[in-house]
Amino acid sequence: MKFALFNDFQLGLVQDSRIYDIGLVLFGAEHPHPCLMKAFIDQYDSYKTNVEELIKEAPSFALSEVRLRQPVSKPGKILAAPVNYYSHQREMNLHNTARGLGFFLKANTSLIGPGDPIVLPAYKAGRRIDHELELAIVIGKKAKNVKAADAGDYLFGYTCLNDVTLRPDEQNEEERCLRKSFDTFTPMGPWIVTADEVGDAQNLEMALHVNDERRQKINTKEMVCGIGELVEIFSHVATLEPGDIIATGTPDGVAPIRRGDRVRIEIERIGVLANPVEAES
Ligand code: MN
């Protein structure tokens with residue numbers, strides 16, 4: 001199944017070209033939850049058996065009529081794997097991989113949804129800012145000290161993520177956290193496809209285009225640390241909670257984005273995430 005947030009961060013189920021406002025049925029219009037997707041994921045085991053019933057009761061809209069938002073509006077944390085494809089390790093001339101480096105965090109305020117502009121910050125005008133094509137994991141259950149082989153029990157689903165990055169240079173060597181946490185530097189969406197529907201997430205073709213030029217292309221089987229290993233490494237440090245996001249790393253082909261560009265990510269069995277690029281005035 002596909003779940004999304006739309007318009008004023010309402011919770012929707014996507015089927016064919018329509019979106020069903022199941023959040024209205026489940027939580028009412030005056031819901032107290034700051035993020036309906038997190039509330040939904042928390043209780044997903046009890047909801048999933050009667051989703052078909054929910055659809056019958058829910059008002060629906062054509063997808064083309066709504067504004068899709070980042071599918072988790074405020075995750076507790078966004079963890080991200082640095083250097084998780086050998087092709088990216090080679091192009092950046094780096095010694096280590098995610099297996100040794102672990103993770104960095106991105107500010108959850110950096111999230112934007114499909115169609116929202118990536119805004120190049122005036123604060124770092126003139127610096128190189130790159131796109132990064134990534135598969136994102138959405139955590140489904142509280143996870144601590146989980147073995148790679150058991151990781152599947154803790155996953156809710158998958159979505160597309162662009163880990164927009166300010167590059168270091170000879171004069172500047174900021175921490176990854178700073179370089180990747182500017183507002184608008186984490187486009188995510190268009191929706192979450194549940195893990196059962198995706199099937200083997202370790203065998204998905206994905207690509208990133210800037211305008212009409214293909215810049216990145218990989219299959220997720222090329223990851224250095226697979227999804228299970230990432231969950232194992234990360235959950236031995238931080239308790240993973242429902243709605244947390246793991247960005248699984250980018251392959252080779254990272255390159256600068258400029259004002260006026262349009263960045264488009266497509267991941268097999270998940271969907272398309274496209275964002276324009278603007279510059280802060
Ligand atoms: Mn990245």
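At a glance:
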| item | result |
| --- | --- |
| Failed item in (1) open to solvent by less than 10 Å² (accessible area, probe 1.4 Å); (2) within 16 Å of the ligand (Cβ to nearest atom); (3) closer than 23 Å to G243 by Cα; (4) of a type outside the set (S, T, N, Q), with R176 passing the rest | (1) |
| Cross-chain or 6+ apart pairs with Cβ under 9 Å, region 123-142 first and within 15 Å of F182 (Cα to Cα), then among the aliphatic types (A, V, I, L, M) and open to solvent by 40 Å² or more (accessible area, probe 1.4 Å) | A125/A279 |
| Residue ID - nearest to the ligand (Cβ to nearest atom), chosen from residues in region 55-91 that are small (G, A, S) and in contact (Cβ under 8 Å) with a residue 60 or more places away in the chain | A80 |
| Some residue of region 59-77 being over 19 Å from A4 (Cβ atoms), basic (K, R) and in contact with a strand residue (DSSP E or B) (Cβ under 7 Å, 6 or more places away or on another chain) | yes |
| Subset of region 259-268 [touching a residue at least 24 places away in the same chain (Cβ under 8 Å) and open to solvent by 20 Å² or more (accessible area, probe 1.4 Å)] | R259, D261, R262, R264, E266, E268 |
| Residues of region 110-163 classified as more than 25 Å from N275 (Cα to Cα) and either modelled with pLDDT under 95 or part of a loop (DSSP other than H, G, I, E, B) (or both), total | 7 |
| Qualifying residue in region 104-118 (condition: open to solvent by less than 50 Å² (accessible area, probe 1.4 Å), within 27 Å of T250 (Cβ to Cβ), out of contact with any Ser or Thr (no Cβ under 9 Å at 6 or more places or on another chain) and basic (K, R)) | no |
| Tally, over region 205-232, of residues that are of a type outside the set (D, E, K, R) and open to solvent by 60 Å² or more (accessible area, probe 1.4 Å) | 1 |
| Residues of region 221-251 classified as in contact (Cβ under 8 Å) with a residue 40 or more places away in the chain and away from the ligand (no atom under 14 Å from the Cβ), total | 19 |
| Residue check for T97: in contact with a helix residue (DSSP H, G or I) (Cβ under 9 Å, 6 or more places away or on another chain) and either over 30 Å from K221 (Cβ atoms) or not charged (D, E, K, R) (or both) | yes |
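The values are calculated or read from the model by the stated rules, or taken from the named source; none is laboratory data. If you're wondering where the values come from, they're calculated on a predicted model, not measured in any experiment. Note that each Cβ is placed from the backbone with ideal geometry, even for glycine, and that neighbours are counted across all protein chains shown. Surface accessibility is based on the protein's heavy atoms, side chains included, excluding ligands, DNA and RNA. Shrake-Rupley method; radii C 1.70, N 1.55, O 1.52, S 1.80 Å.
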